[in-house]
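To start, the structure under review is shown below, and the notes come after it.
The values are calculated or read from the model by the stated rules, or taken from the named source; none is laboratory data. Since this is a predicted model, take the numbers as computed values, not measurements. Cβ: placed from backbone, ideal geometry, glycine included. Neighbour counts: every protein chain shown.
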Amino acid sequence: MKRILLTSAVLTLLAAPAAAQAKPSGPDRTNAAQECRAERGDSTATREAFAARYGTNANRRNAFGKCVSQRSRSEERQRDESEDNAAKQCKSERELDAEAFAAKYGTNANKRNAFGKCVSQQAREAKAERDEADAEKIEARKSAARDCRTERTEMGREAFAQKYGTNANKRNAFGKCVSQGARS
């Protein structure tokens, strides 16, 4: 019995660090929440498209939380990939000319912190580029949502549902319209 308790305690302690690392960091969640607020927007059309895209319960009221959860994982992945790629880029740049590399990136007296400074700078730049691409996608979805709302008003709900709806009750028409519009 003691052996079972001891084994389970050790396994619990070993699993805790892995579970702690699986969660996105605070800045990742903060950035994700900002992106979700921007995507949700203020207009009725963008809020409706947002709920259709992220909401999973019956009344689609959990959309913001689902968006933040999904985007924070994406932010974490982007940050990790940026750091990995930055390290590779800096390593190859350092191999070309170590002295020039140290002079360019090193800031302390012996220029020994050059690699870390290089990785940090490269990762920041790569993350900024990805954030800019994400912002462009958000704007495309918001624009598509406005266009679809206008089209639905002009066509009428029934004709709009027939044109874009693909499930049995055609209730996914607005989301499908926004998805098509954002892609094009």
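Among the residues of the stretch 150-175 satisfying the criterion of being in a helix (DSSP H, G or I) and in contact with a Lys or Arg (Cβ under 8 Å, 6 or more places away or on another chain), which is nearest to Cys36 (Cα to Cα)?
Gly175
Please specify each residue of the stretch 87-130 satisfying the condition of being in a helix (DSSP H, G or I) and of a type in the set (Gly, Ala, Ser).
Ala87, Ser92, Ala98, Ala100, Ala102, Ala103, Ala114, Gly116, Ser120, Ala123, Ala126, Ala128
Looking at the stretch 51-58, is at least one residue under 30 Å from Lys170 (Cα atoms) and among the polar types (S, T, N, Q)?
Yes, the stretch 51-58 contains a residue that is under 30 Å from Lys170 (Cα atoms) and among the polar types (S, T, N, Q).
Taking Thr166, is it touching a helix residue (DSSP H, G or I) at 6+ places or on another chain (Cβ under 7 Å) and loosely packed, with under 14 Cβ neighbours inside 10 Å?
When the stated conditions are applied, Thr166 passes them.
Output the number of residues of the stretch 47-65 satisfying the condition of being part of a helix (DSSP H, G or I) and farther than 18 Å from Lys142 by Cα.
Matching residues across the stretch 47-65 total 1.
Taking the stretch 119-144 only, how many residues are of a type in the set (Val, Ile, Thr) and modelled with pLDDT under 90?
1
Looking at Glu95, Glu99, Glu132 in this structure, which one is within 30 Å of Thr46 (Cα to Cα), acidic (Asp, Glu) and loosely packed, with under 12 Cβ neighbours inside 10 Å? Steps first, answer last, please.
Numbers: Glu95 fails: within 30 Å of Thr46 (Cα to Cα); Glu99 fails: within 30 Å of Thr46 (Cα to Cα).
Just one listed residue meets the conditions, Glu132.
Does Arg29 satisfy the criteria of being closer than 19 Å to Ala145 by Cα, modelled with pLDDT of 85 or more and either in contact with a Lys or Arg (Cβ under 6 Å, 6 or more places away or on another chain) or surrounded by fewer than 21 Cβ atoms within 10 Å (Cβ to Cβ) (or both)?
Numbers: closer than 19 Å to Ala145 by Cα: no; modelled with pLDDT of 85 or more: yes; either in contact with a Lys or Arg (Cβ under 6 Å, 6 or more places away or on another chain) or surrounded by fewer than 21 Cβ atoms within 10 Å (Cβ to Cβ) (or both): yes.
Against the criterion (closer than 19 Å to Ala145 by Cα, modelled with pLDDT of 85 or more and either in contact with a Lys or Arg (Cβ under 6 Å, 6 or more places away or on another chain) or surrounded by fewer than 21 Cβ atoms within 10 Å (Cβ to Cβ) (or both)), Arg29 does not qualify.
Identify, from the list Asp147, Asp84, the residue that is assigned to a helix (DSSP H, G or I) and at pLDDT below 90. If you could, list the steps in order and put the result at the bottom.
On the way: Asp147 fails: at pLDDT below 90.
After ruling out the rest, the residue left standing is Asp84.
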